[in-house]
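The values are calculated or read from the model by the stated rules, or taken from the named source; none is laboratory data. What you see is a predicted model, and the numbers here were worked out from it, not measured in a lab. Note that each Cβ is placed from the backbone with ideal geometry, even for glycine, and that neighbours are counted across all protein chains shown. Areas reflect the complete protein model, heavy atoms only, side chains present, ligands, DNA and RNA absent. Shrake-Rupley method; radii C 1.70, N 1.55, O 1.52, S 1.80 Å.
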Amino acid sequence: MKSKSNTIVKIGSFLLSIALPVSQISRVYPACWVKYNENTETEGTKKMAHGNGSMDLSNGMTTHSKLDKGRRWKLNKLFENVELSLLALPTVIVLIIWSYIPMAGLVLAFKDFQYDLGMFGSKWNHFKNFTFFFSSLDAWRVTRNTLGYGIAFIVVGIIFAVLFALLLYEIRSRLALKLYQTALTIPRFLSWVIVSYITYIFLSPKQGVLNSMLEAFGAEPIMWFNEAKYWPAILIILNLWKHIGLDCIMYYAALMGIDSEIFEAAKMDGANRFQRILYISLPSLIPLIITLGILQLANIFRGDFGLFFQIPRDIGLLYPATDIIDTYVYRGLRSGDIGPATAVGFFQSVVGLIAVLIANSFVKRISPENRLF
């Protein structure tokens, strides 16, 4: 571990050692380049004017000179942003290795995979893996759960994140504000394994906190891990508890960007606190809500594997309410069904892409300035 950290530090130092000298060059080189070409163009213009008498050159440059100007502009931009490009290079490399190169494995969705023949040597079976999934009894269950939880997480998450951001914005004590922000953000850094143990402390059939409270009030204990009907609410609450901290901070930062004079003017006009929130704060958050909502739609068909696998503890009785596409694919890979599992994952990615395109086109028609692309 120590050698890996030393290697990372050396790579970072190497990139900075390159970026700093080049950044100095980038500040000098574009100016010299532009000045040189301005002088060249001036001399060329004089020669043309001298050779052609009263020829009018005010109508524009020739096609060749326009192309040269475009190339110079691109070159200047490259040198101006070279240090940022170098700093982004490690992230781009990781993205290529983990997101683009594995796309070659999508061929397994159309093959009858055999370990001895390998990925490219196995026989093609066309759409049989897709047919196997859609004709099974699990297809409707995992599709319904994945889509339903995705919509619920987005809607509930946005509502409560905006609500908590508005509440934080009304706090004037700096110490209290930092305390609340820290308390809301800490769950984000806990792994789902740790959260699963915390959840089990509350939901344990015999010694759980909730069952102990129910018995204290004379009620019958609930077997939480045997009844699926309680788990939609449990999973939504846990997901909200874990992610609301960072989400509300983003909305809070947007609220901090609003000019305070607008609130003062509204207050002088007689607007109460609720009216200021309704007519100033919320309209200012709409562009951010739309942007984050569209980005979250990309994952509407991709559930959080840790949440749906670790918290319910992979208990079969809870599958009707907790089984999603990600856990279904994991069980397929664990049992050796590589082809069908890849087909389901491919289907999941395509539906997520379509959801983003539809949402962006919908926003583009209603509010073009808030579209994602």
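For the reader, a short list of remarks on this structure follows.
- Hz values of 3J(HN,Hα) by residue in the range 269-279 - Karplus curve (6.51, -1.76, 1.60), Gly and Pro given as x: 7, x, 6, 7, 5, 5, 5, 5, 5, 5, 9
- When the trypsin sites (Lys or Arg not before Pro) in the range 159-201 are filtered for DSSP coil states and for at most 11 other beta-carbon atoms within 10 Å of their beta-carbon, the remaining sites are Arg172.
- Average accessible area per residue (Å²) across the range 178-315 - probe 1.4 Å, nucleic acids and ligands excluded: 58
- Summarising the amide proton neighbourhood of Ser122: residues at separation of 5 or more, or on other chains, whose placed amide H is nearer than 5 Å comprise Gln114.
- With Cα atoms as the point set, the range 78-233 shows a radius of gyration and Dmax of 24.7, 74 Å.
- The 1.4 Å probe gives accessible areas that order Trp124, Trp140, Trp231, largest first, as Trp140, Trp124, Trp231.
- Cβ-derived FRET efficiency at R0 25 Å, Ser349 paired with Asp116, nearest 0.05: 0.30
- Label separation (Ile96 vs Arg334): 3.6 nm, computed from points 7 Å beyond Cα along the C-beta direction.
- Projecting label points 7 angstrom from Cα along Cα→Cβ for Phe134 and Val107 puts them 2.4 nm apart.
- In this label model, Ala176 and Leu163 are separated by 1.9 nm, measuring between points 7 Å along each Cα→Cβ vector.
- What the phi angles of the range 352-368 give under the Karplus curve with 6.51, -1.76 and 1.60, with θ = phi - 60°, is a coupling list of x, 5, 4, 4, 5, 5, 5, 5, 5, 5, 5, 5, 4, 6, 7, 9, x Hz, glycine and proline written as x.
- Cα centroids of the range 76-108 and the range 245-288: 38 Å apart.
- To the nearest 10, the accessible area of Ile101 is 110 Å² with a 1.4 Å probe.
- Derived scalar couplings ³J(HN,Hα) [the range 85-98; Karplus, 6.51 cos²θ - 1.76 cosθ + 1.60; whole Hz; x for Gly, Pro]: 5, 5, 5, 7, 4, x, 5, 5, 5, 4, 4, 5, 5, 9
- Here Lys128 sits with roughly 140 square angstrom of accessible surface, probe radius 1.4 Å.
- Carbon-plus-sulfur accessible fraction, the range 231-330 (probe radius 1.4 Å, protein heavy atoms only): 65%.
- Diffusion constant of the range 155-226 at 4 °C, which comes from Stokes-Einstein with the Kirkwood Cα-pair radius and 1.567 mPa s, µm²/s: 86
- Those chymotrypsin sites (Phe, Trp or Tyr not before Pro) in the range 173-234 that DSSP places in a loop and that have at most 14 other beta carbons within 10 Å: Phe217
- Once backbone amide H atoms are built at 1.01 Å from N, Lys111 has Asn125 as its partners under 5 Å, excluding neighbours fewer than 5 places away on the same chain.
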